[in-house]
Structures are given as C-alpha cells and as structure tokens.
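Taken together, the values in this text are just the output of simple stated rules run on the coordinates, not laboratory data. Everything quoted here is computed from the prediction, not taken from an experiment. Counting neighbours? That spans all protein chains shown, and the Cβs are built from the backbone with ideal geometry, glycine included.
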C-alpha cells in the first residue's frame with residue numbers, strides 16, 4: 001500500500017491544559033494522514049472518548065485530573081487493545097516513564113518535541129511499533145535489561161503477560177501468522193499486531209522466531 005493509500009490515523013488528544021490541548025489539535029490538524037477526532041480534559045473523559053470513538057491512537061498527558069494518565073492508559077489498553085497510547089508529557093523521571101510503559105503506553109515523548117517527532121511517533125505506535133524520545137531511549141533499554149535479569153527464573157507461564165497476550169503467544173508458538181491468529185480469536189489483525197508487539201517488548205525478544213523459542217522452551221505451542 002502506498003503512502004497515499006494508507007488510512008488516516010484517527011487521534012484523540014488528552015491533556016488538562018486547554019491552551020496546550022487546543023494548540024496540539026491545531027498542529028496535528030495540519031498534518032496529512034492524521035485526523036484529530038476528539039479531545040479530553042480528564043482521565044475519565046478520555047476513557048469514555050475511546051469507548052465512544054475507538055480512535056487508533058491516544059496522545060496522553062500523565063498529569064490528568066479524576067484519573068491520571070497512567071490509570072487512563074491502563075483502562076484504555078484493557079478495554080480496547082487496538083488503541084495505541086502515546087504519552088506526551090513534561091515528566092521525564094524514571095518512575096513516570098516506567099509506570100506508563102508498564103501500563104501499556106507504546107510511546108513516550110516529552111513536551112517540547114517538534115511536530116515531526118510527534119507525527120512520526122503517532123504513525124509508529126499506530127503501526128504496532130514502540131517509540132521513545134532520544135533522551136529516554138537509553139534509560140528504557142537499561143531498565144528492561146535489568147528487568148530481564150530479574151525474570152530469568154520466571155515460571156513457565158510468563159506472569160508479565162496478560163491472559164490475552166498469553167493466548168496469542170500460544171498461537172504464535174504453534175506457528176500461526178497474525179492473520180490466522182486474528183481468525184482464530186475473532187479479532188482484527190491490527191489488534192493481534194499490537195498484542196504481538198507487546199509480547200515482544202515484555203519478553204525482550206527481537207522477533208517472532210525468538211518469541212517462539214522462548215514460548216516453546218516454556219511448554220507453549222506443543223499441542
């Protein structure tokens with residue numbers, strides 16, 4: 001599919017500062033291939049917006065009233081796995097970054113990122129990828145390297161995975177491709193692609209082959 005034929009990425013912006021929220025909406029409104037379909041000023045509002053509008057991507061601030069951005073991210077990812085969350089915030093401390101990632105955020109940028117960075121990040125998370133701002137990438141890598149070391153002796157059933165991710169991993173281990181898994185589970189291919197990408201990140205594997213090895217070593221995919 002050519003760039004011209006690619007579907008428009010439907011975005012919801014969640015930020016409690018109206019000036020920043022409206023400014024970002026105007027900025028993204030000028031970008032070809034991205035459409036802002038809604039905005040939210042609170043965490044509970046953005047969760048409701050996702051149920052109502054089913055966007056492709058939510059651009060999420062962390063410092064939100066009623067329900068913070070981490071809680072909103074967790075709720076959105078649980079209810080709508082096909083919706084990717086890109087955090088855009090002023091907080092660059094380790095706790096904020098890692099908590100957001102653990103909640104299911106697929107990207108993390110700091111406010112101050114330019115239009116091209118934000119545009120690229122939106123398309124990356126929509127395509128099932130993971131992206132972090134340059135200042136955060138090294139810390140994220142170090143964090144997950146430490147996490148992998150801590151879970152070397154993890155039990156066979158990968159407790160860091162959700163029930164649905166474990167179900168998808170079982171089918172990956174059997175050699176099914178994303179289309180076949182989507183058919184088996186009656187889900188969209190995009191949802192399966194997001195699950196597979198999350199599995200790779202949580203298991204710290206680079207590709208499908210490594211995921212299959214990890215899964216089969218733990219007894220999955222043998223039925």
> What is the extension gain from residue 22 to residue 114, computed as 0.36 nm multiplied by their sequence separation minus the C-alpha to C-alpha distance, in nm to one decimal?
Replying inline: 31.5 nm
>> Ignoring solvent entirely, what values of log10 I(q)/I(0) come out of the Debye formula for the chain at 0.07, 0.11, 0.16 Å⁻¹ when each Cα is a single scatterer?
In response: -0.22, -0.55, -1.12
> Relative to the longest principal axis of the chain, what angle (0 to 90°, nearest 10) does the C-alpha long axis of helix 208-217 take?
Replying inline: 50
> Given a Förster distance of 22 angstrom, what is the FRET efficiency for residue 183 paired with residue 163, based on the Cβ-Cβ distance and rounded to 0.05?
Replying inline: 0.70
> Using a ≥ b ≥ c from the Cα gyration tensor of segment 151-217 (square roots of the eigenvalues), is it rounded, prolate or oblate, where a/c under 1.5 gives rounded and otherwise the larger of a/b and b/c decides, a/b for prolate?
Replying inline: prolate
> Quick one: helix 18-29 against the long Cα principal axis of the chain, what's the angle to the nearest 10°, folded into 0 to 90?
Replying inline: 70
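Using alpha-carbon pairs under 8 Å, 6+ residues apart, how would you state the relative contact order of the chain in percent?
On the way: 325 pairs, mean separation 31.0, N = 223.
Computed value for the chain: 14 percent relative contact order.
By counting other Cβ atoms within 10 Å of each Cβ, how are 20, 108 ranked from fewest to most?
Ascending number of Cβ neighbours within 10 Å: 20, 108.
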> Tell me, what is the FRET efficiency for residue 8 and residue 48 to the nearest 0.05, using R0 = 22 angstrom and their Cβ-Cβ distance as r?
Replying inline: 0.45
> So if we plug the beta-carbon distance of residue 218 and residue 95 into 1/(1 + (r/R0)^6) with R0 = 30 Å, what FRET efficiency do we get, rounded to 0.05?
Replying inline: 0.50
> In nm, to one decimal, how far is the modelled label at residue 201 from the one at residue 32, with both set 7 Å along Cα→Cβ?
Replying inline: 2.9
> Helix 189-203 versus the longest principal axis of the chain: what is the Cα-based angle in degrees, 0 to 90, to the nearest 10?
Replying inline: 70
>> Cut-off is 10 Å between beta-carbons; in what order do 111, 190 appear when sorted fewest neighbours first?
In response: 111, 190
